[in-house]
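In what follows, a single structure is set out as structure tokens and then discussed.
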Amino acid sequence: MIYLDYNATTPLCESGREAMLPYLYEHFGNASSVHAAGREARSAIDDARDELAAFLDAKPHELIFTASGTEANNLAVLGLARASAARGRHLICSATEHHAVLHSFEYLAKNGFDVTWLRVDRNGIADLDQLAAAIRNDTTLVSVMSANNETGVLQPLAEVSSICRAHGVLLHSDMVQSFGKTNADLSLVDAASFAAHKFYGPKGAGFLYLRSGIPIEPILFGGAHENQRRPGTENVAAIAGMAAAAEWMMEKRGLEQKREATLRDQLWDSITAVAPDAQLNGSAEHRLANTLNVSFSGVSSETMLMALDLEGVCASSGSACMVGSVVASHVLLAMGFSRERASSAIRFSLGRQTTAEEIESAAAAIARVLTRVRRSQPQPVYAAG
């Protein structure tokens, strides 16, 4: 199997697994308990919080542990919007956000808030002029992701932050896909979301960075965990594994990103050699080193993915959360591409275990698939709209 879907999830690194094991067996206490077993669990959570805060140049109490990146995004959008509702109910959200963010804003739009959808250009870059013009006196929150999960496009967060700061508006950024791949500069934002399984940690763990002094309303109800901001018994093993994985991810980060960028470009060159009509989706300059999003004219994403799977190549049509869906990518549609192009896109995402030999084999498999599929498949018919 050649795994080229690291943006969907990553394998658990060895140091992450080792950090988790003690809390799956001998140290199984509830971190809210006052006895020795509980204190042991609480100590692990405190240590993990300190370690993650150090990596991010944040204060430990500014990190709120969650069960996923989705929950962190939901907490940020819903919690910040509701906490600031008395001051204003106008919100701004980029049109190419992950569905965890988009659907949160859509929910708020149906429940008394006014949402402006921020356009992007054909490179996937947010329209800064529209952002500046859209901010009103009652605008309280802007959300722009740092790196897109489908295209890998990097947003100009420094410029976005400058606009928000000038108007006194909170800025949230979904940093789930960028952590460990780019510099997470939290000085630019007021809140940011993270997920462990995107940086070789365990599934079931994430966290929200929330700048000191910013009020937020919880979206879950129960105990007083996480300083009364996120109730629920903490997943101690997953939190310990997340911190260990973050440390592992940071090791040799720069060299690894250069290596992955070289392999990514090697794959793109191989694709264009056999499919000159292949189209690169997203900025060629401002994107993650590991991500390549390509549209293959006349071949649907679903057909291409199934054929690649039979060849032993794992790829994606975009967000892993949309598995089983045949709808065109909302990201590519928002970028102004046709429904046909958006419905023929494949995302290849590389990782630490990807080798040059795998890229060569994957390129050969893509060539075989395209030859076979294009010979047998009639031209797809796309509905208007």
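The values are calculated or read from the model by the stated rules, or taken from the named source; none is laboratory data. Model, not experiment: these values are computed from the prediction. Every residue, glycine among them, receives a Cβ derived from its backbone with ideal geometry; neighbour counts consider all protein chains shown.
Could you tell me whether any residue of region 251-272 is in a strand (DSSP E or B), surrounded by fewer than 18 Cβ atoms within 10 Å (Cβ to Cβ) and not assigned by TED's automatic domain parsing to the domain that holds HIS98? Lay out the reasoning, then the answer.
Taking region 251-272 and keeping what is in a strand (DSSP E or B), we get none.
The answer is no; no qualifying residue exists.
Against the numbered list (1) surrounded by fewer than 16 Cβ atoms within 10 Å (Cβ to Cβ); (2) farther than 23 Å from ILE2 by Cβ; (3) touching a residue at least 24 places away in the same chain (Cβ under 8 Å), ARG375 comes up short only at (3).
Give ALA334, ALA345, ALA245 a once-over and let me know the one that is in contact (Cβ under 8 Å) with a residue 60 or more places away in the chain and assigned by TED's automatic domain parsing to the domain that holds ASP46.
Values: ALA334 fails: assigned by TED's automatic domain parsing to the domain that holds ASP46; ALA345 fails: assigned by TED's automatic domain parsing to the domain that holds ASP46.
None of the other options fit; the residue is ALA245.
The condition (being closer than 19 Å to LYS198 by Cα, under 17 Å from the mean Cα position of the chain (by Cα) and surrounded by 15 or more Cβ atoms within 10 Å (Cβ to Cβ)) is satisfied by just one residue among GLY282, GLY351: GLY351.
Taking the criterion of being buried (at least 24 other Cβ atoms within 10 Å of the Cβ), over 19 Å from SER15 (Cβ atoms), out of contact with any His (no Cβ under 8 Å at 6 or more places or on another chain) and not hydrophobic (A, V, I, L, M, F, W, C), the residues of region 188-247 that qualify are TYR209, ARG230.
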